[in-house]
Amino acid sequence: QVQLVESGGGLVQPGGSLRLSCAASGRIFSIRNMGWYRQAPGKQRELVAQITSSGNTDYADSVKGRFSISRDNAKNTASLEMISLKPEDTALFYCYADQYIYRIWGQGTQVTVSS
């Protein structure tokens, strides 16, 4: 079983930046896609960014040009670099990894954008 642990969330002012990290541990093999979802209070969980094992990326329209996802397959980590943060980016961010037919989730890390 794979476990995912996120880190890097916190409070930041509008226009600021944060870097989220996701570290996988356990029985790590055949991990395909990794990515990040977020869920704001009262809203549905939405896909923020995804990266395949070969490095192809996809982003929600709302974060294109501001967020950048990357991964290190050797270290089994994924990162989300976020710049020009807006109050509407405030949410609980979840990392995920797809292993075979299973989607594994992290516990979430809070990002709050406020002055």
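The values are calculated or read from the model by the stated rules, or taken from the named source; none is laboratory data. If you're wondering where the values come from, they're calculated on a predicted model, not measured in any experiment. Using ideal geometry, Cβ is built from the backbone for each residue, glycine included, and neighbour counts are taken over all protein chains shown. The protein model used for the area step is the full one, side chains on, heavy atoms only, and it has no ligands, DNA or RNA in it. Shrake-Rupley method; radii C 1.70, N 1.55, O 1.52, S 1.80 Å.
Could you please find all residues in the stretch 67-111 being in contact with an Asp or Glu (Cβ under 9 Å, 6 or more places away or on another chain) and open to solvent by 30 Å² or more (accessible area, probe 1.4 Å)?
Across the stretch 67-111, the qualifying residues are 68, 70, 94, 107.
Across the stretch 1-21, what is the total count of residues that are farther than 20 Å from residue 106 by Cα and open to solvent by less than 80 Å² (accessible area, probe 1.4 Å)? Write out each step before concluding.
First, pick out the residues of the stretch 1-21 that are farther than 20 Å from residue 106 by Cα: 12-17.
Add one more test, that the residue is open to solvent by less than 80 Å² (accessible area, probe 1.4 Å), and what stays is 12, 14-17.
Number satisfying all stated conditions: 5.
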